[in-house]
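What follows is a single structure, written as structure tokens, with notes after it.
The values are calculated or read from the model by the stated rules, or taken from the named source; none is laboratory data. This is a predicted model, so every value here is computed, not measured. Quick reminder, even Gly has a Cβ in these numbers, built from the backbone with ideal geometry, and neighbours come from all protein chains shown. When the accessible area is computed, the model is the full protein with side chains, heavy atoms only, and any ligands, DNA or RNA have been set aside. Shrake-Rupley method; radii C 1.70, N 1.55, O 1.52, S 1.80 Å.
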Amino acid sequence: MTLPWHKNAFATLKQMIDQNHLPHALLITGMPQIGKFELMQQLVGTLINDDEIIRKDNIRQDLDMPVLIRRSNYLNMIYCRAGELNPTTKNRSKDIRVDQVRAFCEGLNKTADKLQIGVIYYADQMNVNAANSLLKTLEEPRENTLIILLAHNAKNLPVTVVSRCQSVHISPAYDQETQAWIKQNIEHEEDFEVMQLLEATHGVPFKVIDDLAGDSFIHYQHWQDQLLNIAIHPIMINKVEDFEGNEVAVLNCLQHLIIEGIRLKSLQHEGGLVELNQIINMTKTDFLFKLLHDIQQAIRLSKTSVNIKLLLDNVLIIWSHITHLKTYPKILN
């Protein structure tokens, strides 16, 4: 069954199959948790006419066995991914290494009667040497071979890799069918405004489900309500709760609000948050972008020895006056 927010992307892939125009290399992109792995599985299930066997492959399978590539339950399919245990150093790698990609390419060089499939996820985690080592296989693949790259952001891939693939993108979703799917997959759906949940996660339904699974969403919603209140009633900046000790999480929450505000303002739409609609209608777009830049820089600086509480205080002062600023003040170097 096609997920509602995958319908356009899968229709593109199905058209390629039906017209016998499926390329030898595909690049599937989309935000984290948008379901790139699931779309890939649906594509492969369609190609091999066996959806059940491919669904047995577990994206979160145990990575403690030091291997370079992993085999699918479909015998002619292999995976290459980050997070594998390096057999030499015994450390878990954050990148996809060149030795992994070489093993991946070698695995696809074998002659096979049936379709051979190789999946790299997430391809934007390949280091430079790994990406370069993939180029020859992308340029000169064996017949009856399909390489699928999954990536969060194609901009983080070398142009030489992207240009050798046909791209399919999974867009964020806010439509009624996606909202209905979320309602079917959460408990007590009557307690939530689903559009607000989607706006908070930038249109990523699986993230909505994950956020509601624990207490994180309750905290997030509490911070969000206070942040919106601060921008409408600046005096409330002195009455915030639970910000201390959660400065980075609060900055992330505000970052999400501003990104959603910019999206709505650019589309000239209203969202599910009445207060956010009010704020963006009274705020210059340029100031939203400048504050977003400052927040992102503050989040980066939080990984250093900087006083994150002071940074958050400075950001909140700007946020509390964002609707009636005449000039944007400089708060970060």
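Just to be sure before I move on: is Asp191 of a type in the set (D, E, K, R), modelled with pLDDT under 85 and either surrounded by 17 or more Cβ atoms within 10 Å (Cβ to Cβ) or under 23 Å from Ala151 (Cβ atoms) (or both) in the structure I sent?
Taking the combined requirement at face value, the residue does not satisfy it.
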Selection from the stretch 145-173 of residues that are without any contact (Cβ under 8 Å) to a residue 40 or more places away in the chain and either open to solvent by 70 Å² or more (accessible area, probe 1.4 Å) or in contact with a Phe, Trp or Tyr (Cβ under 6 Å, 6 or more places away or on another chain) (or both):
Lys155, Asn156, Val159, Ser163
Taking Lys136, is it among the basic types (Lys, Arg) and more than 25 Å from Ser171 (Cβ to Cβ)?
yes
The stretch 260-307: number of residues that are among the hydroxyl-bearing types (Ser, Thr, Tyr), loosely packed, with under 13 Cβ neighbours inside 10 Å and assigned to a loop (DSSP other than H, G, I, E, B)
2
Under 8 Å by Cβ, and 6 or more places apart or on different chains, what pairs join a residue from the stretch 122-139 that is over 11 Å from Pro158 (Cα atoms) and among the charged types (D, E, K, R) with one that is open to solvent by less than 80 Å² (accessible area, probe 1.4 Å) and part of a helix (DSSP H, G or I)?
Lys136/Cys105
Working only within the stretch 100-139, note down all residues that are more than 26 Å from the chain's Cα centre (by Cα) and open to solvent by less than 70 Å² (accessible area, probe 1.4 Å).
Ala103, Cys105, Gly107, Leu108, Ala112, Leu115, Gln116, Thr137
Those residues of the stretch 186-243 which are more than 16 Å from Leu273 (Cβ to Cβ), of a type in the set (S, T, N, Q) and touching a helix residue (DSSP H, G or I) at 6+ places or on another chain (Cβ under 9 Å) amount to Ser216
